[in-house]
Amino acid sequence: MQASSETQSAAGRFAPSPTGPLHAGSLVTAVASYLSARASGIQWLIRIDDLDGPRNQPGMTQHILNTLNAHNLYPDRAPILQSDRMALYEEALARLQAENQLFYCTCTRKTLPPSGPYPGTCRHRTTPTPETAVRLRVPDVRMTFEDRIQGPQEIDLADVGDFVVKRRDGIISYHLACAVDDGSREVTEVVRGADLLLETAPQLAVMSLLGGTPPTYAHIPILTNASGQKLSKQTAAAAINPRTPSSNLKQALRALGMEAPPAGNDDWTPQRWLAWGEQRFDLARIPRTLPAGFANIAS
Ligand code: GLU
Ligand code: ZN
């Protein structure tokens, strides 16, 4: 690991939430973001998205970092914890408030429609009040961006609606924190799971209101389990075994569309797998959706 430095340079990042152990899908994402950064000659950072305190599992941040280290996935700087960056998020909120982009929502799950975008009920409540959710006044525009894997995207922000940037319990939302962090000049590329493709539009909206510098985006296809559900903590995806890093990396590289490795790879170290992957990494070869054969690498 390189010593942490004050110099800011271009970087990619992997941003797990410490709500459960890494599973096969999160390892594929970690490897993709790492190899992409290496291939572009930029730094690779780890950011721990730990703002949702009630959902965090004790000891999980360290467990995730240990698992990544077991796979030789070392960041170029000390891992960043979002919980250490509250001042930045509060400053962003203060700027949005000063520009009249925020309002204070007293709606409850009961009073809100069961689905669809927020109906705008509280848009007139522009004076900060404690214990109300804070929502962003989302502009009614179409966001377009080019995804490096999924192609051109066009998302109507009217369908997204005024989203929560700070919850009633005081927790800063993922969209706000992620937009502040990814909109910094340092983060130049985001490589993450395609389950977050549509989340890009609200994040870009925040970045544009704050004058941030948007990164490039590449959303890699999602691994599914045998029943076709995406691997996640909700579907109880198996934690990856940190004692078999070489075989985990071998499967992750296959999932990223790489050719079968040469014979005699049984004793390859994680370092060697990553070096092999680095030479072959090509976003253009990552399938938009995974072929069926890669669907079950977790089991
Ligand atoms: N921490 C979130 C997750 O694990 C977001 C990650 C991201 O934006 O890359 O799903
Ligand atoms: Zn409301």
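Given +1 on the Cβ of Lys and Arg, -1 on the Cβ of Asp and Glu, and no further charges, what dipole in debye does the chain carry about its Cα centre, rounded to the nearest 20?
Using only the charged Cβ atoms, the result is roughly 540 debye.
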Selected from PRO54, VAL164, THR144, residue furthest toward positive end of dipole (the chain; charges at beta carbon) = PRO54
key: Net charge of neighbours whose Cβ lies under 12 Å from the Cβ of ARG272, counting Lys and Arg as +1 and Asp and Glu as -1   = -2
request  = Report Rg (one decimal) and Dmax (nearest whole number) for the chain, counting Cα atoms only, units Å.
outcome  = 19.9, 67
query = Any idea what angle helix 270-280 forms with the longest principal axis of the chain, computed on alpha-carbon atoms, 0 to 90 degrees, nearest 10?
reply = 80 degrees
request  = Subtracting the Cα-Cα distance from 0.36 nm times the residue separation, let me have the gained length for GLU154 to ASN66 in nm, one decimal.
outcome  = 27.9 nm
task = Could you estimate the translational diffusion coefficient of the stretch 122-269 from the Stokes-Einstein equation, with Rh from the Kirkwood formula over C-alpha pairs, at 10 °C and 1.306 mPa s, in whole µm²/s?
result = 87 µm²/s
note = For 64-74, 85-95, ranked highest to lowest by mean beta-carbon neighbours within 10 Å, the order is 64-74, 85-95
ask   = In degrees between 0 and 90, to the nearest 10, how far off the longest principal axis of the chain does helix 200-210 point, with axes built from Cα atoms?
value = 60 degrees
message = Through the Karplus equation 6.51 cos²θ - 1.76 cosθ + 1.60, θ set to phi - 60°, convert the phi angles of the stretch 239-253 into ³J(HN,Hα) values in whole Hz; use x for Gly and Pro.
response = 5, 6, 7, x, 8, 10, x, 5, 5, 5, 5, 4, 6, 5, 5
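Can you tell me the length gained on complete extension of the stretch LYS110 to ARG243, counting 0.36 nm per residue apart and subtracting the Cα distance?
Gain in length upon complete extension: 43.2 nm.
Extension gain THR126-THR144, at 0.36 nm per residue separation less the Cα-Cα distance, in nm?
Additional length available on full extension: 3.6 nm.
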ask   = Using just the C-alpha positions of the stretch 1-137 as equal point scatterers, what log10 of I(q)/I(0) does the Debye formula give at each q in 0.12, 0.19 1/Å?
value = -0.69, -1.07
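Projected area of the stretch 108-163, taken from the Cα convex hull and averaged over every viewing direction, in nm²? Don't skip to the end; give the middle numbers.
Working: hull surface 21.2 nm².
Computing the convex hull of the Cα atoms and averaging its projections yields 5.3 nm².
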remark   = Over the chain, the sum of -39500 (n - 2.57) across DSSP H runs of at least four, divided by residue number and rounded to 500 deg cm²/dmol, gives at 222 nm -8500 deg cm²/dmol
key: Within the stretch 63-188: Cβ-based charge dipole about Cα centre, in debye rounded to nearest 20 (Lys, Arg +1; Asp, Glu -1)   = 520 debye
query = Which of the peptides 264-273, 155-164, 213-222 is most tightly packed, and how do the rest follow, judged by the mean count of other Cβ atoms within 10 Å per residue?
reply = 213-222, 155-164, 264-273
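Taking a quarter of the surface of the Cα convex hull of the stretch 239-288, what do you get in nm²?
Quarter of the Cα hull surface area: 3.9 nm².
Bear in mind that the values in this text are calculations on the coordinates, not laboratory data. Keep in mind it's a predicted model, so treat the numbers as computed, not measured. For neighbour counting, all protein chains shown are included, and Cβ atoms are generated from backbone atoms with ideal geometry for every residue, glycine included.
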